[in-house]
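The next block holds one structure in the form of structure tokens; read it before the comments.
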Amino acid sequence: MKKTVSSCALALMLITGPAWADDYHEVWECTTRDGKTLEDVQAVNSKWLAWMRENVDDEISSAVLTAVVGDLTSFIFVDTYPGLDVWSEGKATQDGNEEMEALNVEFDATAQCGQTPLWRHRPTP
């Protein structure tokens, strides 16, 4: 699904850090597939987020970052989890779930992404 993190995304996480203290972030760099729009991607992402909040934890969040300057052909997801335990539960809950598998097929039809490492944000006091 989602690609490697860019330095801009990492910088944004650091700048907005106080809002994400001690959270865990999956950061994905993606491009839309031919004939698909960012609105198509966001529609699927909204379904994913609603499912995750209902089935795992209502504090999970997801944001789509788009470039203002630079490479305008890609976008970045930042999926934020309030703890490592929530991230782990989310992965386990998704595995083998038919509804989530259908969402993944729908998502793969709208965007191409590569997975990145899981990031832990620790603010400096």
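The values are calculated or read from the model by the stated rules, or taken from the named source; none is laboratory data. Only a predicted model underlies this, so the values are computations on that prediction, with no experimental measurement involved. Here Cβ is always computed from backbone atoms with ideal geometry, including for glycine, and neighbour counts include all displayed protein chains. Calculation scope for accessible area: heavy atoms of the full protein, side chains included, ligands and nucleic acids excluded. Shrake-Rupley method; radii C 1.70, N 1.55, O 1.52, S 1.80 Å.
Miscellaneous remarks
- Members of region 59-86 found to be aromatic (Phe, Trp, Tyr) and at pLDDT 95 or above, listed by number: TYR81
- Any hit, region 26-48, residues being surrounded by 19 or more Cβ atoms within 10 Å (Cβ to Cβ), part of a loop (DSSP other than H, G, I, E, B) and either out of contact with any helix residue (DSSP H, G or I) (no Cβ under 8 Å at 6 or more places or on another chain) or at pLDDT 95 or above (or both): no
- Residue in region 56-106 that is least open to solvent (accessible area, probe 1.4 Å), counting only those that are farther than 19 Å from ALA43 by Cβ and of a type in the set (Phe, Trp, Tyr): TYR81
- Selected residue [touching a residue at least 24 places away in the same chain (Cβ under 8 Å), more than 16 Å from TYR24 (Cα to Cα), among the polar types (S, T, N, Q) and touching a helix residue (DSSP H, G or I) at 6+ places or on another chain (Cβ under 9 Å)] from THR73, THR66: THR66
- Considering region 113-125, and only residues there that are of a type outside the set (A, V, I, L, M, F, W, C), surrounded by fewer than 17 Cβ atoms within 10 Å (Cβ to Cβ) and within 13 Å of the chain's Cα centre (by Cα), the residue that is modelled with the lowest pLDDT turns out to be GLN115.
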